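Every read-out reported here was derived from the displayed coordinates using simple, explicitly stated rules and does not represent laboratory data. The shown structure was predicted, so the numbers you read here are calculated from the model rather than taken from an experiment. Every residue, glycine among them, receives a Cβ derived from its backbone with ideal geometry; neighbour counts consider all protein chains shown.
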Amino acid sequence: MWSTGVLPVRVVLSYCPTGVPKLGSFKATLFGQVAPSLPGFASSGSVVLKQFYKKPKNPERKNPAGSQEPIEILPSGQQIIDLSREILCTQWASALMDIVYEFITNSSQGSPPFPIPQMRFVHVALALEYRDDADTDRKVFMLEERISPHEHGGWRKYINNDSPAPIRSSISTTDLQHVADFLVFCQHVQFLQTLGRAFVSDFQGGLTLLSDPQIVTAPYLKGVFAGGNIGSAYVNFVDKHQCSKFCKFYCLEAVASVSQVERSVQSGPGSSGEVRIDFKAVSIIVR
Ligand SMILES: Nc1ncnc2c1ncn2[C@@H]1O[C@H](COP(=O)(O)OP(=O)(O)O)[C@@H](O)[C@H]1O
Ligand SMILES: [Mg+2]
Ligand SMILES: [Zn+2]
């Protein structure tokens with residue numbers, strides 16, 4: 001459970017409910033302020049507020065004034081379910097990034113002749129409106145550290161969910177290419193270190209802070225994490241990952257070598273996709 005060990009805190013959230021949100025494919029994002037600031041967040045209290053919205057049937061349709069039709073925010077109960085899943089993905093993505101930096105620290109290859117980008121996922125929180133009248137629907141938001149263009153670099157999507165190749169149109173400078181090369185390497189390390197079970201995809205954000213990840217798992221683990229964990233994302237990674245200069249410097253084992261192991265786990269003897277793990281037998285004496 002993502003919230004295990006998390007202590008709730010009471011804060012005041014200020015935002016403009018009539019502001020025009022930034023729309024992704026699933027979530028609407030508004031800027032706001034939280035006071036006091038949350039643990040791990042900027043002391044300025046600057047945050048983004050996210051909610052899932054219902055996809056309009058006709059996204060091109062404008063209202064008579066020529067502006068976009070207002071979006072329909074999903075009900076609070078559904079927000080809690082969907083946003084909790086997002087938070088879980090971000091927590092796992094953070095842990096999978098830790099694995100990459102640990103791998104680098106422990107590597108016997110020494111230091112590469114180029115810098116290692118220092119990147120992490122934003123801190124996140126689930127905010128539930130506090131009110132005495134139990135009858136009214138409480139507002140629910142996911143809060144994230146705000147990625148500001150001045151401080152963290154402009155927002156861009158580096159790698160999509162369905163392909164391991166960086167998005168060419170987003171990579172306009174050598175600095176961005178360097179970050180994209182690093183993220184390609186991150187996927188490869190995560191894949192190897194989890195024995196082909198999971199890696200982070202849908203890399204997006206600034207130069208140092210990332211947000212809104214998906215976790216892609218081996219198909220036999222499907223159904224966990226969020227909707228972006230699609231089987232084709234895994235297959236495409238295995239088939240199309242192209243090693244970057246980081247993969248080459250650290251002499252990473254080929255993706256294909258692990259995916260062979262995975263295939264044999266998935267189609268193990270007499271199984272139809274189940275995993276078999278050998279346990280050492282331990283006798284327990286009940287008195
Ligand atoms: N932490 C953040 N800081 C600043 N802008 C953000 C942040 N998260 C999202 N945005 C902006 O909001 C948009 C939609 O958010 P995102 O979480 O990517 O939604 P979706 O799940 O629909 O892709 C992004 O494309 C980006 O422009
Ligand atoms: Mg997104
Ligand atoms: Zn590689």
Can you tell me which residue within region 159-180, out of those that are touching a residue at least 40 places away in the same chain (Cβ under 8 Å) and more than 13 Å from ligand 3 (Cβ to nearest atom), is surrounded by the most Cβ atoms within 10 Å (Cβ to Cβ)? Val179
Sort through Leu195, Leu207 and tell me the only one that's of a type in the set (A, V, I, L, M, F, W, C) and farther than 30 Å from Ser14 by Cβ. Leu195
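Which residue is farthest from ligand 3 (Cβ to nearest atom), if the candidates are limited to region 181-196 and must be more than 17 Å from the chain's Cα centre (by Cα) and part of a helix (DSSP H, G or I)?
Here the answer is Gln193.
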Would you point out the residue of region 197-227, among those that are over 11 Å from the mean Cα position of the chain (by Cα) and assigned to a strand (DSSP E or B), that is farthest from Ser25 (Cα to Cα)? Ala198
